[in-house]
1. Out of 233, 238, 262, I need the residue that is buried (at least 16 other Cβ atoms within 10 Å of the Cβ), at pLDDT below 85 and under 15 Å from the mean Cα position of the chain (by Cα). Which one?
2. For a quick check of your reading: which helices (runs of 4 or more DSSP H) sit entirely within segment 122-219 and have at least 2 residues that are at pLDDT below 90, over 19 Å from the mean Cα position of the chain (by Cα) and more than 30 Å from residue 68 (Cβ to Cβ)?
3. Look at residue 53 and say whether it is within 22 Å of residue 174 (Cα to Cα), at pLDDT 95 or above and in contact with a helix residue (DSSP H, G or I) (Cβ under 7 Å, 6 or more places away or on another chain).
4. Any residue in segment 234-256 that is in contact (Cβ under 8 Å) with a residue 24 or more places away in the chain and on the phi > 0 side of the Ramachandran plot sitting within a Cβ distance under 8 Å of a residue that is in a helix (DSSP H, G or I) and buried (at least 24 other Cβ atoms within 10 Å of the Cβ)? List the pairs, counting only those 6 or more apart or interchain.
5. Kindly provide the set of residues from segment 36-47 that are over 15 Å from residue 213 (Cα atoms) and modelled with pLDDT under 85, ordered by number.
């Protein structure tokens, strides 16, 4: 099994934990404050991780270059934009349709990877990405009681367009992060990913802090006051991000993001195991589609 596979699975698992913790804060802080927690309480851990690689394992810090900074900062802005677009969907009555369209990120990442990095996917890989995306959309619609007909009829509606834009920004930001890591001159993929993560997270914290000072100081103060519990959001978020960045340094972003869709399967398993919730037929179909996509993606790589 290639190394990027277990790293991606670890990223998806960590993201589940971070999402659950953020959901707890979204009611008390609001969407902006809950999003800020991820960066503000994450960047110290990102810097500690970078220091451990450098001082603990003796990995030299690569010298940042123009390409690295351009990719890293652009990716950071795109990720913030994608998050705001996704959050803005909740203001619409038909927000679930927009959210479903945002799940097209792996498909869009494949396109951006080809355009900006010259990386293509195989026919089997493309089929796997399509199956996984359909599975995620099926689960998203199942949780909102929306059908495929509603999804297609709303294609040109504002929520759908915002969802597609959010997915595009998420996909493009992931491609930028891979471009940033690959533009560094070693010494190892761990250090390349670690430095990229540290620079991006510090940059995103600064951008969001300045934005909140200008537009929402109360949310900023409330976020800082919640540090005792919010620190766990930062820790789980950076743990997941470190895995995502490392996996995307090793492998095509589209494949990584497709495999990462197993996060939804983890979420459904947790809801059944811990909360005794019932799985709907659509959710089951979605899990089957995601599982089929993963098998199709990994089958040629096993052995």
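The values are calculated or read from the model by the stated rules, or taken from the named source; none is laboratory data. Remember, predicted model here, so these are calculated numbers, not experimental data. Don't worry about glycine lacking a Cβ; one is built from the backbone with ideal geometry, like all the others, and counts go over all protein chains shown.
1. After applying the criteria, what remains is 233.
2. So the answer is 123-142, 148-153, 158-183.
3. no
4. none
5. 38
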